[in-house]
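Enquirer: Here you go, one structure.
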Number of protein chains: 2
Amino acid sequence: MASPQNIHVAVIGVGLVGSELVTQLLALPSSSPFKLVSLSSSTRTIFSATGLSSTWKSQLSASAEKPDLTRLTQQLSGLGKVALIDNTSSEDIAAMYPTWLNAGISVITPNKKAFSGDLSLYEQIIAATRTQTGGRVFNEATVGAGLPVIGTLKDLVGTGDKIVKIEGVFSGTMSYIFNEFSTGKPDGPAFSSVVKIAREKGYTEPHPADDLNGFDVARKLTILSRTISTYALAPTALPSLKSFADVQTASLIPPALEGIPTGDEFIARLPEFDAQFDQMRAEASKDGQVLRFVGVVDAVSGQIRAGLERYPSTHPFATSLGGSDNIIMFHTERYGARPLIVQGAGAGAAVTAMGVLGDLLKLA
Amino acid sequence: MASPQNIHVAVIGVGLVGSELVTQLLALPSSSPFKLVSLSSSTRTIFSATGLSSTWKSQLSASAEKPDLTRLTQQLSGLGKVALIDNTSSEDIAAMYPTWLNAGISVITPNKKAFSGDLSLYEQIIAATRTQTGGRVFNEATVGAGLPVIGTLKDLVGTGDKIVKIEGVFSGTMSYIFNEFSTGKPDGPAFSSVVKIAREKGYTEPHPADDLNGFDVARKLTILSRTISTYALAPTALPSLKSFADVQTASLIPPALEGIPTGDEFIARLPEFDAQFDQMRAEASKDGQVLRFVGVVDAVSGQIRAGLERYPSTHPFATSLGGSDNIIMFHTERYGARPLIVQGAGAGAAVTAMGVLGDLLKLA
């Protein structure tokens, strides 16, 4: 059993997820081994080797110190066991992971950038975790937030199971939009009205094109594919993705609306394309099918794709999904007849912070 | 990263699950930290401090040594880091866990006995894991075999989420029987014929009453309830179960067939009771519902029950289940609107062994 307070925790990013994470962390029992020593927002930072407490918000806003990754690295070196939690979506911070890992600092993060961006950064990260002095890296919350996706995948391949295919609805936004738009009936609400309502409810990015381009799904597929290639005991047909741009992604942005600068303009013009979406829905319905924006990692053919596909109205993607749920099906050699399925909310501050904190507990 | 071969592994029980476990273990890459040092069947045992290899089956069958838990404990003491894997369903072996844990030996098992039997044994186990010298205990495969159930539950409650209710189909046998028997239509195959076919396919115990009594589900609910009570950060309304017998379990064995000595006799007489099951199916169907044998752990009311319940034909227990799948829904404070769901095969040697080996990887 770990001794009290023997893991020093530094948190970067105190937005919705970061604040929730700190709240959950400070609510752990006093016997837990974590000591929060550093907090950084985009504008300020605080550090205390003896530990920060529940007054962190006022302390941070009163701090005159600007965040400085180099100084932070120095502060954390020599503290003993250290976990750095990156709650940002910053490429610059992701680029620091190899440095931290090589200094023995473990990294835990919901930030997808390092695992779905340039292959060279990913390779440096994995190489660093394989040295004797290296820290460990955990990224459960990068796919499905608090859902057990990455951990389950690592258990499957790490024990010698062979992935046939991973197939799922990986974007909460896309899930909501198509659960509302395509229910199996030939008609229903206009595509543009569903997107508009999703945006008003805060389910989309301020500019809905940032969801409809499918990049979020492509990033998650990249993470899954690389996880398989890194941890599988036997080689697969999966390609070595140079970045998420290598995923075959079928954007839902009508070509005429590519590059529209604001979300408001985009929403205003989207009704021009409702007829196209109506037609796809009607055609699917004629065959007893629904439309879902899915991601597929096919480890047998080596194909990795994100896009709109049709599923029978009796398929779990049609019957079991609701709200903005994610659903992930693992088709494997051992789960041969029927897949292993994980389903539930795949976004939101509380469940994302939980995914991160769960990783921190595993480190202890 | 762990050094090679620094965890000594002793395996008790080399039946279907045990043999598969050893096969999976020996197939791990040579860089993995495990060294298999001991194997025991119910009649023989072998031990080698330098490690056993793929010829273990012939070595074991050639061994003249009888298994002896006291000698095994002595052999394992002083080896350094040791994991003992119990693949039996023996109460006697389960009773040894506190001794092993107190000797610093970690225990990994799919054996439900220790976690669902007498509360005093369970409490001794947990107490042993909380000492400085104690080994660790892992039991992922006791519920849902290789499905991420126990790990997910520990992550949820360990990070401060509050369980409202866990509800699921926890028995692969019961899943198969009711997926076949009750599809939402008013009629269908006779209950006795479904049980007969399930038995012929090897989905039931030799005596089907050992499945229909619901004890397997009651044991799994006991494990889940105790896991919540042990690891939750805040108290719940769940009672302290003295054993799985405290679970409110509605057996499906017709009272007139209680105590029938053989499975053959049981199957021969079961058709006498088909009319009762037919009627239940017809009544459920009239209300648009199906019958499922479920388990419920209600952490708000404190009720823990196993039995036949009715679910709408649109519910995932009706639409998403098939074959002998398990499905587990976690209703929690953070997963408030819609539950976290895990589904897939919940029995079978390959996936059970995987659940055990996944635990062993976590120890390393």
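Enquirer: Can you name the residue in the stretch B:78-116 that is surrounded by fewer than 21 Cβ atoms within 10 Å (Cβ to Cβ) and among the charged types (D, E, K, R) and is also nearest to B:VAL37 (Cα to Cα) among such residues?
Expert: B:LYS81
Enquirer: Name the single residue that is nearest to the chain's Cα centre (by Cα) among those in the stretch B:150-168 being among the hydrophobic types (A, V, I, L, M, F, W, C) and more than 9 Å from chain A (Cβ to nearest Cβ).
Expert: Here the residue is B:ILE150.
Enquirer: Quick one: count up the residues across the stretch B:92-104 that are in a helix (DSSP H, G or I), in contact (Cβ under 8 Å) with a residue 24 or more places away in the chain and over 20 Å from B:ILE7 (Cα atoms).
Expert: 2
Enquirer: Right, another one. Which ranges mark the helices (runs of 4 or more DSSP H) fully within the stretch B:207-295 that have 2 or more residues being at pLDDT 95 or above and within 14 Å of chain A (Cβ to nearest Cβ)?
Expert: Hits in the stretch B:207-295: B:215-231.
Enquirer: Given the condition in contact with a Pro (Cβ under 7 Å, 6 or more places away or on another chain) and buried (at least 20 other Cβ atoms within 10 Å of the Cβ), answer yes or no: does some residue in the stretch B:293-312 qualify?
Expert: no
Enquirer: Please go through the stretch B:1-16 and pick out each residue that is at pLDDT 55 or above and part of a loop (DSSP other than H, G, I, E, B).
Expert: If the condition is that a residue be at pLDDT 55 or above and part of a loop (DSSP other than H, G, I, E, B), then B:GLN5, B:ASN6, B:GLY13, B:VAL14, B:GLY15 are the ones that fit.
Enquirer: Out of all the residues in the stretch B:280-289, is one or more in contact with a helix residue (DSSP H, G or I) (Cβ under 8 Å, 6 or more places away or on another chain) and either under 21 Å from B:ARG219 (Cβ atoms) or without any contact (Cβ under 8 Å) to a residue 24 or more places away in the chain (or both)?
Expert: No.
Enquirer: When residues of the stretch B:303-323 are filtered for being assigned to a loop (DSSP other than H, G, I, E, B) and more than 9 Å from chain A (Cβ to nearest Cβ), how many remain?
Expert: 4
So that you can scan it fast, the table gives a plain yes or no per residue for (1) more than 29 Å from B:LEU363 (Cβ to Cβ); (2) surrounded by 13 or more Cβ atoms within 10 Å (Cβ to Cβ); (3) aliphatic (A, V, I, L, M):
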| site | (1), (2), (3) |
| --- | --- |
| A:HIS8 | no, yes, no |
| A:GLY13 | yes, yes, no |
| A:GLY18 | yes, yes, no |
| A:THR23 | yes, yes, no |
| A:LEU28 | no, yes, yes |
| A:SER38 | yes, yes, no |
| A:SER58 | yes, no, no |
| A:LEU76 | no, yes, yes |
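Enquirer: For the stretch A:229-248, state whether one or more residues are in contact with a His (Cβ under 9 Å, 6 or more places away or on another chain) and surrounded by fewer than 20 Cβ atoms within 10 Å (Cβ to Cβ).
Expert: No: the stretch A:229-248 contains no residue that is in contact with a His (Cβ under 9 Å, 6 or more places away or on another chain) and surrounded by fewer than 20 Cβ atoms within 10 Å (Cβ to Cβ).
Enquirer: Enumerate the pairs (first residue in the stretch B:105-131 and more than 14 Å from chain A (Cβ to nearest Cβ) and under 20 Å from B:GLY358 (Cα atoms); second residue anywhere and hydroxyl-bearing (Ser, Thr, Tyr) and surrounded by fewer than 21 Cβ atoms within 10 Å (Cβ to Cβ)) with beta-carbon separation below 6 Å, excluding pairs fewer than 6 apart on the same chain, so at least 6 apart or on different chains.
Expert: Qualifying pairs under 6 Å: B:ASN111/B:SER89.
Enquirer: Scan the stretch B:122-137 residue by residue and report those that are closer than 18 Å to B:SER229 by Cβ and either touching a strand residue (DSSP E or B) at 6+ places or on another chain (Cβ under 9 Å) or surrounded by fewer than 21 Cβ atoms within 10 Å (Cβ to Cβ) (or both).
Expert: Correct list: B:GLU123, B:GLN124, B:ILE125, B:ILE126, B:ALA127, B:ALA128, B:THR129, B:ARG130, B:VAL137.
Enquirer: Within the stretch B:334-346, does at least one residue satisfy the condition of being more than 7 Å from chain A (Cβ to nearest Cβ) and farther than 20 Å from A:LEU147 by Cα?
Expert: Taking every residue of the stretch B:334-346 in turn, none turns out to be more than 7 Å from chain A (Cβ to nearest Cβ) and farther than 20 Å from A:LEU147 by Cα.
Enquirer: Okay, moving on. Which count do you get for residues in the stretch B:347-364 that are in contact with a Ser or Thr (Cβ under 6 Å, 6 or more places away or on another chain) and within 8 Å of chain A (Cβ to nearest Cβ)?
Expert: Qualifying residue count, the stretch B:347-364: 3.
Enquirer: Is it true that B:SER89 is within 14 Å of another protein chain (Cβ to nearest Cβ) and either touching a Pro at 6+ places or on another chain (Cβ under 8 Å) or assigned to a loop (DSSP other than H, G, I, E, B) (or both)?
Expert: No: the conditions fail for B:SER89.
Enquirer: Of the numbered conditions (1) over 22 Å from B:PRO110 (Cβ atoms); (2) touching a residue at least 24 places away in the same chain (Cβ under 8 Å); (3) among the hydroxyl-bearing types (Ser, Thr, Tyr), B:THR50 satisfies every one except a single condition; which is it?
Expert: If we test B:THR50 against (1) over 22 Å from B:PRO110 (Cβ atoms); (2) touching a residue at least 24 places away in the same chain (Cβ under 8 Å); (3) among the hydroxyl-bearing types (Ser, Thr, Tyr), just (2) comes out false.
Enquirer: Take the stretch A:332-362 and flag every residue that is outside any loop (DSSP other than H, G, I, E, B), touching a strand residue (DSSP E or B) at 6+ places or on another chain (Cβ under 8 Å) and surrounded by fewer than 21 Cβ atoms within 10 Å (Cβ to Cβ).
Expert: Listed by number, the list holds a single entry, A:LYS362.
Enquirer: Considering the stretch B:143-193 alone, what residues qualify as being in contact with a strand residue (DSSP E or B) (Cβ under 6 Å, 6 or more places away or on another chain), among the aliphatic types (A, V, I, L, M) and part of a loop (DSSP other than H, G, I, E, B)?
Expert: B:LEU147, B:VAL149
Enquirer: Of the conditions (1) free of Cβ contacts under 8 Å to residues at least 24 places away in the same chain; (2) over 23 Å from B:ALA141 (Cα atoms), B:ASN6 clears all except one; give me its number.
Expert: Going through (1) free of Cβ contacts under 8 Å to residues at least 24 places away in the same chain; (2) over 23 Å from B:ALA141 (Cα atoms) one by one, B:ASN6 breaks only (1).
Enquirer: Can A:ALA141 be described as under 16 Å from the mean Cα position of the chain (by Cα) and among the aliphatic types (A, V, I, L, M)?
Expert: Judged against the criteria, A:ALA141 is a match.
Enquirer: Being farther than 16 Å from B:VAL9 by Cβ and either assigned to a helix (DSSP H, G or I) or of a type in the set (Val, Ile, Thr) (or both) is the filter here; which residues of the stretch B:59-86 pass it?
Expert: B:SER61, B:ALA62, B:LEU69, B:THR70, B:ARG71, B:GLN74, listed by residue number.
Enquirer: So, in the stretch A:190-228, how many residues would count as being crowded, with 17+ Cβ neighbours inside 10 Å, free of Cβ contacts under 8 Å to residues at least 40 places away in the same chain and on the phi > 0 side of the Ramachandran plot?
Expert: Final tally of qualifying residues: 0.
Enquirer: Might you check whether a residue that is small (Gly, Ala, Ser), closer than 30 Å to A:VAL137 by Cβ and at pLDDT 95 or above occurs anywhere in the stretch B:27-36?
Expert: yes
Enquirer: When B:ALA62 is evaluated against the numbered criteria (1) surrounded by fewer than 13 Cβ atoms within 10 Å (Cβ to Cβ); (2) of a type outside the set (Ser, Thr, Tyr); (3) closer than 26 Å to B:GLY348 by Cβ, which criterion, by number, is the only one it fails?
Expert: (3)
Enquirer: On to the next question. I need every pair where a residue in the stretch A:170-189 that is without any contact (Cβ under 8 Å) to a residue 60 or more places away in the chain has its Cβ under 9 Å from the Cβ of a residue that is charged (D, E, K, R), sequence separation at least 6 or different chains.
Expert: Between residues of the stretch A:170-189 that are without any contact (Cβ under 8 Å) to a residue 60 or more places away in the chain and residues that are charged (D, E, K, R), the close pairs are A:PRO189/A:GLU180.
The values are calculated or read from the model by the stated rules, or taken from the named source; none is laboratory data. Everything quoted here is computed from the prediction, not taken from an experiment. Every residue, glycine as well, gets a Cβ built from its backbone with ideal geometry; the counts of neighbours run over all protein chains shown.
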